[in-house]
1. Being without any contact (Cβ under 8 Å) to a residue 60 or more places away in the chain and touching a strand residue (DSSP E or B) at 6+ places or on another chain (Cβ under 7 Å), is that true of even one residue in region 141-156?
2. Suppose the filter is over 30 Å from Ala107 (Cα atoms), modelled with pLDDT of 90 or more and open to solvent by less than 30 Å² (accessible area, probe 1.4 Å); does Ile180 pass it?
3. If you check Arg298 against the conditions, is it without any contact (Cβ under 8 Å) to a residue 60 or more places away in the chain and among the basic types (Lys, Arg)?
4. Check whether at least one residue in region 225-239 is in contact (Cβ under 8 Å) with a residue 40 or more places away in the chain, not in a loop (DSSP other than H, G, I, E, B) and not polar (S, T, N, Q), and report yes or no.
5. Output the strands (runs of 3 or more DSSP E) that fall wholly within region 284-374 and possess 1 or more residues being modelled with pLDDT of 75 or more and surrounded by fewer than 18 Cβ atoms within 10 Å (Cβ to Cβ), or say none.
6. I need a count of the residues in region 304-324 that are in contact (Cβ under 8 Å) with a residue 40 or more places away in the chain and out of contact with any Gly (no Cβ under 8 Å at 6 or more places or on another chain).
7. Considering only region 196-215, I want to know if a residue exists there that is touching an Asp or Glu at 6+ places or on another chain (Cβ under 9 Å), crowded, with 17+ Cβ neighbours inside 10 Å, assigned to a strand (DSSP E or B) and modelled with pLDDT of 90 or more.
8. Of the residues in region 245-265, how many are surrounded by 17 or more Cβ atoms within 10 Å (Cβ to Cβ) and in a helix (DSSP H, G or I)?
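The values are calculated or read from the model by the stated rules, or taken from the named source; none is laboratory data. Bear in mind the structure is a predicted one, so any value in this text is a computation, not a measurement. All Cβ positions, even for glycine, are placed from backbone atoms using ideal geometry, and neighbour counts span all protein chains on display. SASA here: full protein model, heavy atoms, side chains in, ligands and nucleic acids out. Shrake-Rupley method; radii C 1.70, N 1.55, O 1.52, S 1.80 Å.
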Amino acid sequence: MSQPTLSPPPTPARSRDTFPSRTEAEVPPVRPAPPGAPPAFPDVSNEPPEIAVAALVEHAVDVGCSDLFFTADDEGLTIKVRHLGLIRDLARLSEELGRRCQGHIKANSSVDWGERRRPLDGRWIYRRRDGRVTDLRIGVIPTLHGEDIAMRLLSRDSALLQLDRLGMSTEQLSNYETMIDSPGGLVLITGPTGSGKTSTLYASLVRLNSGTRKINTIEDPVEYAIAGLHQSQVNPMIDLGFAELLRSVLRQNPDIIMLGEIRDPETAQLAVHAANTGILVLATLHAQSASGAIQSMRSLGAHPHLLASSLRGVVAQRLVRTLCPHCLTTFDLSDAPHTFGDVRRWRPAAGLGGLGVNVAASGDRLTITDSPNPLPGTQFILPDTTVYAVDVNERAAGWGTFDAPAKGGE
């Protein structure tokens with residue numbers, strides 16, 4: 001492959017919120033992949049660092065990866081991506097090129113590129129070759145062989161931040177819109193890391209951002225910059241956490257507050273008190289199920305009476321890989337009718353009828369937020385139910401229960 005000619009001007013200093021200038025060179029072409037092989041990736045082993053990084057980012061975004069990893073070892077640098085929840089190898093770089101690529105990333109993400117002893121966090125607003133913008137959330141940690149860089153890829157495509165694109169059914173969407181249309185109260189989004197909680201929150205804010213209400217967000221870090229929102233970021237370096245920012249935001253007379261995460265007792269208690277004053281509070285919380293979110297809030301010190309009066313609803317969600325519509329195949333299950341017995345009850349009635357079952361490599365991911373017979377952690381707690389009720393399906397699925405306190409007290 002011919003090597004592009006470079007004659008870039010001197011790179012100006014860039015701030016965190018400006019677009020980096022692009023060189024005149026083109027991203028190297030992608031080698032065609034044989035049929036059935038994973039998506040092809042560009043050969044960047046002989047490219048300058050700015051071209052190599054651009055090619056890797058472009059490719060990762062094109063194939064729908066959520067993360068890009070630069071991992072140092074004793075022989076060089078391994079490039080990996082997270083695609084549909086799975087880690088896949090993408091490329092190998094020499095030690096010299098890998099070090100230069102890492103330096104290029106750090107320089108564009110407004111972090112101290114000379115610091116190699118402490119973890120660093122940064123942000124790079126990257127403009128793609130087609131003009132679209134991708135936010136890159138950068139995390140750097142020192143390791144045995146140098147530094148590891150994790151790059152979260154966050155597309156600014158407005159279509160991705162719409163509630164009706166998140167995979168909810170019509171009934172689920174109606175229930176959730178009822179929650180967030182409340183004039184005040186607390187709405188919790190739960191699920192494991194990487195399950196799309198932040199995307200659900202941002203889609204909710206986009207819907208609520210009509211210009212008639214003041215919306216403040218407290219995040220770690222700010223992942224999407226949305227016009228009309230007052231977005232703040234915590235800063236552990238100066239002991240500025242969620243609780244400190246939330247206390248200050250409450251003095252700004254907001255109508256809606258979005259908390260990136262409730263992770264400590266003070267934040268939990270402030271969120272509940274804010275919801276009881278008529279502010280709509282949207283927040284994420286780590287819990288295994290919708291009902292488990294109430295246990296988590298109780299364990300963080302939220303008063304049961306205030307929590308019962310403020311909680312508008314809880315959504316626990318997961319991401320699952322779906323079948324690729326272009327490479328579905330069929331096989332005969334007549335000799336093994338119980339192959340999919342464990343999941344049969346969660347599929348549509350016609351999904352496993354007859355002898356043919358469609359199977360294929362994963363092609364996308366779908367948000368699961370509810371089902372007639374809910375999987376663990378995929379249930380709504382609706383506004384018209386007491387927060388201490390545990391659905392019968394939860395008990396049948398073996399979900400944990402908890403002791404309900406007497407109304408109005410501990």
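1. Yes, region 141-156 contains at least one residue that is without any contact (Cβ under 8 Å) to a residue 60 or more places away in the chain and touching a strand residue (DSSP E or B) at 6+ places or on another chain (Cβ under 7 Å).
2. Criteria met by Ile180.
3. Here the answer is no, as Arg298 does not meet what is asked.
4. No, the conditions are met nowhere in region 225-239.
5. Fully inside region 284-374 and qualifying: 318-323.
6. 6
7. There is at least one residue in region 196-215 that is touching an Asp or Glu at 6+ places or on another chain (Cβ under 9 Å), crowded, with 17+ Cβ neighbours inside 10 Å, assigned to a strand (DSSP E or B) and modelled with pLDDT of 90 or more.
8. Residues in region 245-265 being surrounded by 17 or more Cβ atoms within 10 Å (Cβ to Cβ) and in a helix (DSSP H, G or I): 3 in total.
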